[in-house]
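The values are calculated or read from the model by the stated rules, or taken from the named source; none is laboratory data. All of these numbers come straight from a predicted model, not from anything done at the bench. Glycine gets a Cβ as well: all are built from the backbone with ideal geometry, and neighbour counts include every protein chain shown.
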Amino acid sequence: MTQTTKPQTLTVLGATGSIGSNTLDVVRRHPGRYQVFALSAATQVDALLAQCAEFRPQYAVMASAAHAAQLAEKIKANSLPTQVLQAPGAIEIIASHEAVDAVMGAIVGAAGLAPCLAAARAGKRLLLANKEALVVGGQLFMDTVKRHGATLLPIDSEHSAIFQCLPEDRSSWATRVDSIVLTASGGPFRQRDPATLAQITPEQACAHPNFSMGRKISVDSATMMNKALEVIEARWLFDMAPEQIQVVIHPQQIIHSMVQFKDASILAQLGTPDMRVPIACGLAWPERIESGAARLDFAQLAALTFENADAQRFPGLHLSWQALRAAEGTTAVLNAANEVAVDAFLQRRLRFDRIHQVNLQTLERITPARPASVQDLLALDEEARSAAQAAVARLAA
């Protein structure tokens, strides 16, 4: 079909990661529908260079000045039209630029908070794959979205599923919705003896059974901390009380999540485990476009199974409800502690089974005051990281 409308301009934050790369794959399938305006990356200079060569964005940003200088030199050598921004706050500039229609927020960790907030303040269509923006930002983030009229579309497969199953009339949720059920794969250690968790290596923890993801997210999947963060994210995205959010292990990951209604009926969103599906949904909503994912073949499904989340094997999951019921800002403390602990594990300075201990000790040591600004959140994040580093030092293998 001939494209008759103006292409949607898109900034992709975290372009070289799994979500960013999959976003560009969906864009690639729809020439003329989307125009890549800007891309950002952390350290992968050559990967971002290749994306700039293909999509020819107006701007590119890298996390450090040194990497940006390398990229600028290669951009010039290849005679590409892309301008590399190195100014302070450059990533916020490309997230809020007046020429941008939509922003894919796919930066991993708390580093994604500031640019996602910038996009929200600018009233953008924000495709949120950075769960930490809500885990850290919470009420402040949602207030910003509402105040500036931004459109917030979840990209995590579970939250996208919930979004698709909920009634479009948000005002009816309180009277119609009983609870939401987030599904989890259980990660690579779902059936492993908890007594052996101390011997797990970073390579084993990063071997997710269904998805190819970044190292940090893969470890979070192995500890089920990713699901803890998703519980917190769901609380803010859908304005649900903590007790209205459930988690069930579903190893096949065919059902991505469910909504249970007051009459006990349940709506579920199903599909092959491919992140291009929720990405395509967010890019085109309320339309539907080709994602590139394989169609689900029911005849090939051996079974769909469900299990309770084992608190002994996955103690981190249950910290989510604890943090949501504690003082506002506690979820930001949990997120910061977990980022420090996972980094220490990936550097082989902390045993896998002690990630939870770092998180727990950090929560016990910090009782946050209610954050009233981004500066408050960043200060709290710094305080929590310092406490978590001390915990790592105490627990170091």
Can you tell me how many residues in segment 158-180 are among the polar types (S, T, N, Q), closer than 20 Å to residue 255 by Cα and in the same structural domain as residue 262 (by TED's automatic domain parsing)? 1
Filter result for the condition that a residue is surrounded by fewer than 20 Cβ atoms within 10 Å (Cβ to Cβ), in contact with a helix residue (DSSP H, G or I) (Cβ under 8 Å, 6 or more places away or on another chain) and within 27 Å of residue 214 (Cα to Cα), over 323, 341, 311, 337: 311
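Kindly indicate whether any position in segment 60-71 is under 13 Å from residue 21 (Cβ atoms) and among the hydrophobic types (A, V, I, L, M, F, W, C). Before the answer, list the steps.
Just the residues of segment 60-71 that are under 13 Å from residue 21 (Cβ atoms), to begin with: none.
No, because not a single residue in segment 60-71 is under 13 Å from residue 21 (Cβ atoms) and among the hydrophobic types (A, V, I, L, M, F, W, C).
Under 18 Å from residue 150 (Cβ atoms) and in contact (Cβ under 8 Å) with a residue 12 or more places away in the chain: which single residue out of 108, 26, 45, 12 fits that description? Explain how you work it out, then say what you get.
Details: 108 fails: under 18 Å from residue 150 (Cβ atoms); 26 fails: under 18 Å from residue 150 (Cβ atoms); 45 fails: under 18 Å from residue 150 (Cβ atoms).
On inspection, the qualifying residue turns out to be 12.
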Please state which of the following conditions residue 203 fails to meet, knowing it meets all the rest: (1) touching a helix residue (DSSP H, G or I) at 6+ places or on another chain (Cβ under 8 Å); (2) modelled with pLDDT of 90 or more; (3) closer than 24 Å to residue 108 by Cα. (1)
Inter-residue pairs, beta-carbon under 9 Å, first closer than 20 Å to residue 343 by Cα and assigned by TED's automatic domain parsing to the domain that holds residue 334 and in segment 214-241, second outside any helix (DSSP H, G or I) and basic (Lys, Arg), 6+ apart: 224/313; 226/131; 229/131; 230/131
Which of the residues spanning segment 164-182 are touching a Lys or Arg at 6+ places or on another chain (Cβ under 9 Å) and in a strand (DSSP E or B)? 177, 178, 182
Odd one out for residue 156 among (1) of a type outside the set (A, V, I, L, M, F, W, C); (2) surrounded by fewer than 19 Cβ atoms within 10 Å (Cβ to Cβ); (3) closer than 15 Å to residue 236 by Cα: (2)
Considering each residue of segment 344-363, count those that are crowded, with 17+ Cβ neighbours inside 10 Å and not in a helix (DSSP H, G or I), and give that number. 2
Hits in segment 327-348 - residues which are touching a residue at least 40 places away in the same chain (Cβ under 8 Å) and β-branched (Val, Ile, Thr): 331, 333, 340, 342
Is it the case that residue 329 is in the same structural domain as residue 228 (by TED's automatic domain parsing) and in contact with a Ser or Thr (Cβ under 6 Å, 6 or more places away or on another chain)? no
Has segment 238-249 got any residue that is surrounded by fewer than 19 Cβ atoms within 10 Å (Cβ to Cβ) and aromatic (Phe, Trp, Tyr)? no
Residue 145 - would you say it is part of a strand (DSSP E or B), surrounded by 17 or more Cβ atoms within 10 Å (Cβ to Cβ) and either at pLDDT 95 or above or among the aromatic types (Phe, Trp, Tyr) (or both)? no
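For segment 293-309, what are the residues that are assigned to a loop (DSSP other than H, G, I, E, B) and free of Cβ contacts under 8 Å to residues at least 12 places away in the same chain? Steps first, please.
The first filter runs over segment 293-309 and keeps only residues assigned to a loop (DSSP other than H, G, I, E, B), leaving 293-297, 301-306, 308-309.
Hits for segment 293-309 are 297, 302.
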Conditions: (1) in contact with a Ser or Thr (Cβ under 6 Å, 6 or more places away or on another chain); (2) of a type in the set (S, T, N, Q); (3) under 29 Å from residue 384 (Cα atoms). Residue 253 meets all but one. Number of the miss? (3)
